[in-house]
Amino acid sequence: MRDLLPPESARHRRLVDVFADVVEGAGFELLVPPLLEDVGVFRRLGEATEVVSKEMYQFTDLGGRDVALRPEMTAGVCRAFVEHRPPTPWKTWCSGPNFRYEKPQRGRFRQFEQVDLEVLGVVDPYLDVEVIAVGWRFFEALGLRQVELRLNSLGDPADRARYVEALRTHFEANLDSLSTDSRDTLKRNPLRVLDSKRATDQDVIAGSPLGTDFLSAEATAHFATVRAGLDALGIPYTLDPRLVRGLDYYLRTTFEYAGGTLTSAQNALGGGGRYDGLVEALGGPPTPGIGFAIGVDRTLLACDDEGVFPAPASAVDVFVVDTTGGAEALAITEQLRRSGRSADRAFDGRSMKAQMKAADRSKATLAVIIGDDERAGGTAVVRPLRDGGEQRVVDRAELVTHVLAELGEPT
Ligand code: HAM
């Protein structure tokens, strides 16, 4: 697990702010579910899901309860829905860390952050369009231009079951050509074999049946409306009939946002789909759901690769240098901060040279300097640090007014 240090940490926060702006502009409200849930909540995601069966951080707490750190957010959102029974549609978003015991590598960490969006209680295919479009607009807001939307439908439970059986038959007929790992996966979940990136499996996968051939009339119509809606919004997508994704709860519309620049194993920036059975599995009334999660870390890697969404500048407006003991700096930083401008200072009674160095490092716009002469004369020096400009000596009583005028309107 990593520490997130400045300036990358500020970039994470700003990304979440951008997400909040986009989704709150579409009527989604913030939900803050706990990081830790009863392990049963996640078990409902399906034992065949590796995230649940192999990658969960689970333990027994001091009260003897079996709990787990969340490996994803959808199960917790559904648990919260069952517990609080809010009116539907329930349009929520959340953000924060998730935990999976995976092999860490570029774009894959054991603690990683997601922004997540879920809607419970609506079957309308136009909602699928809205959800997918909100994610798309978020990537646009970051400035990313190479994201690819991949789209599929896994049909209704009966369609999916028939499809899974057809896949099982196909893979069993070609067992000799499958890798040992995929043979193992086949026993647990034939759908997941489609996700194999191993070269040996690719021929058998290429010849496997397509999910879209197993869709009921209703699921076909639903999917057609979703595609038409995306077309109407001008959102480009690629139909990917072998897109199954890692979690097992998906039905009907399933999608992924893939980055244009990351290597294939880690190029999914985010993804989601419908999961009409999850609320019921958690003890609630039958309630349709749809949502997605986007990985913050991977999205920022994609931003690096495309040269967009840089770390925000962390400079303060003013750095106060006070070599007379520090009480002047205390008063001036307080006055400036109360006036709505940012200010920093040095401590420990350091020398003029050391404090000026700190002022430079702070990238502040202005330095306010008070030495013994200034204190004796009731003045202060105001020195522009960045864009040239004249240094001035001003009356101590006028200092804050002068500094505020010099800084102009906050940007
Ligand atoms: P997921 O595909 O497991 O879906 O994760 C979504 C995104 O989280 C991935 O595309 C990736 O960017 C990021 N992610 C996943 N694992 C890691 C990791 N180990 N390190 C870094 N980033 C990672 C879900 O979590 C579903 N809950 C999405 C959803 C919401 N479906 C419906 N509603």
> Hey, among Asp184, Asp231, Asp201, which residue is at pLDDT 95 or above and more than 21 Å from Pro157 (Cα to Cα)?
Replying inline: Asp231
> Is it true that Glu113 is assigned to a loop (DSSP other than H, G, I, E, B) and either crowded, with 16+ Cβ neighbours inside 10 Å or within 13 Å of the ligand (Cβ to nearest atom) (or both)?
Replying inline: no
>> Can you list residue pairs whose Cβ atoms sit under 6 Å apart, with the first residue in the range 202-214 being assigned to a helix (DSSP H, G or I) and the second being surrounded by 14 or more Cβ atoms within 10 Å (Cβ to Cβ) and of a type in the set (D, E, K, R)? Count only pairs 6 or more apart in sequence or on different chains.
In response: Phe214/Asp159; Phe214/Arg162
>> Just the residues that are touching a residue at least 40 places away in the same chain (Cβ under 8 Å), of a type in the set (Val, Ile, Thr) and touching a helix residue (DSSP H, G or I) at 6+ places or on another chain (Cβ under 7 Å), please, taken from the range 17-68.
In response: Val18, Val22, Val23, Val41
> Out of curiosity, is Arg79 touching a residue at least 24 places away in the same chain (Cβ under 8 Å) and surrounded by 21 or more Cβ atoms within 10 Å (Cβ to Cβ)?
Replying inline: yes
> Taking interchain pairs and intrachain pairs at least six residues apart, which have beta carbon atoms under 7 angstrom, with the first residue in the range 244-257 and more than 19 Å from Ser216 (Cα to Cα) and the second within 7 Å of the ligand (Cβ to nearest atom) and in a loop (DSSP other than H, G, I, E, B)?
Replying inline: Leu247/Glu72; Glu256/Arg245
> Within the range 40-57, which residues are buried (at least 18 other Cβ atoms within 10 Å of the Cβ) and out of contact with any Phe, Trp or Tyr (no Cβ under 7 Å at 6 or more places or on another chain)?
Replying inline: Val41, Phe42, Arg43, Arg44, Thr49, Glu50, Val51
> How many of the residues making up the range 359-373 are crowded, with 18+ Cβ neighbours inside 10 Å and without any contact (Cβ under 8 Å) to a residue 40 or more places away in the chain?
Replying inline: 0
>> Of the conditions (1) farther than 27 Å from Val39 by Cα; (2) at pLDDT below 95; (3) within 15 Å of the ligand (Cβ to nearest atom), Asn174 satisfies every one except a single condition; which number is it?
In response: (3)
> So which of Glu118, Glu130 ends up being over 17 Å from Leu36 (Cβ atoms), outside any loop (DSSP other than H, G, I, E, B) and touching a Leu at 6+ places or on another chain (Cβ under 9 Å)?
Replying inline: Glu118
> Where residues in the range 310-334 are more than 21 Å from Asp372 (Cα to Cα) and out of contact with any Leu (no Cβ under 6 Å at 6 or more places or on another chain), which of them is surrounded by the most Cβ atoms within 10 Å (Cβ to Cβ)?
Replying inline: Val316
>> Against the condition in contact (Cβ under 8 Å) with a residue 24 or more places away in the chain, farther than 17 Å from Tyr163 by Cα and among the β-branched types (Val, Ile, Thr), how does Thr238 come out, does it pass?
In response: yes
>> Name the single residue that is surrounded by the fewest Cβ atoms within 10 Å (Cβ to Cβ) among those in the range 133-158 being in a loop (DSSP other than H, G, I, E, B) and either out of contact with any Leu (no Cβ under 9 Å at 6 or more places or on another chain) or at positive phi (or both).
In response: Arg145
> For the range 231-346, which helices (runs of 4 or more DSSP H) that fit wholly inside it have 3 or more residues that are under 24 Å from the mean Cα position of the chain (by Cα) and within 16 Å of the ligand (Cβ to nearest atom)?
Replying inline: 296-306
> What about Val18, is it closer than 22 Å to Glu118 by Cβ, touching a strand residue (DSSP E or B) at 6+ places or on another chain (Cβ under 8 Å) and modelled with pLDDT of 95 or more?
Replying inline: no
> So which pairs qualify, if the first residue must be in the range 279-292 and in contact (Cβ under 8 Å) with a residue 60 or more places away in the chain, the second must be among the polar types (S, T, N, Q), the Cβ gap must be under 9 Å, and the two must be at least 6 apart or on different chains?
Replying inline: Val279/Thr287; Thr287/Thr88; Gly289/Thr74; Ile290/Thr253; Gly291/Thr74; Gly291/Thr92
> Which of the residues spanning the range 236-250 are within 19 Å of Ala133 (Cα to Cα) and aromatic (Phe, Trp, Tyr)?
Replying inline: Tyr237, Tyr250
>> I need every pair where a residue in the range 94-113 that is more than 18 Å from Leu247 (Cα to Cα) has its Cβ under 7 Å from the Cβ of a residue that is part of a strand (DSSP E or B) and aliphatic (A, V, I, L, M), sequence separation at least 6 or different chains.
In response: Cys94/Leu30; Ser95/Val115
> Here are some conditions: (1) buried (at least 22 other Cβ atoms within 10 Å of the Cβ); (2) at pLDDT below 95; (3) of a type outside the set (S, T, N, Q). Asp387 meets all but one. Which one does it not meet?
Replying inline: (1)
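The values are calculated or read from the model by the stated rules, or taken from the named source; none is laboratory data. Quantities reported herein were computed from a predicted structural model and do not represent experimental measurements. Positions of Cβ are generated from backbone atoms using ideal geometry, with glycine treated the same way; all protein chains shown enter the neighbour counts.
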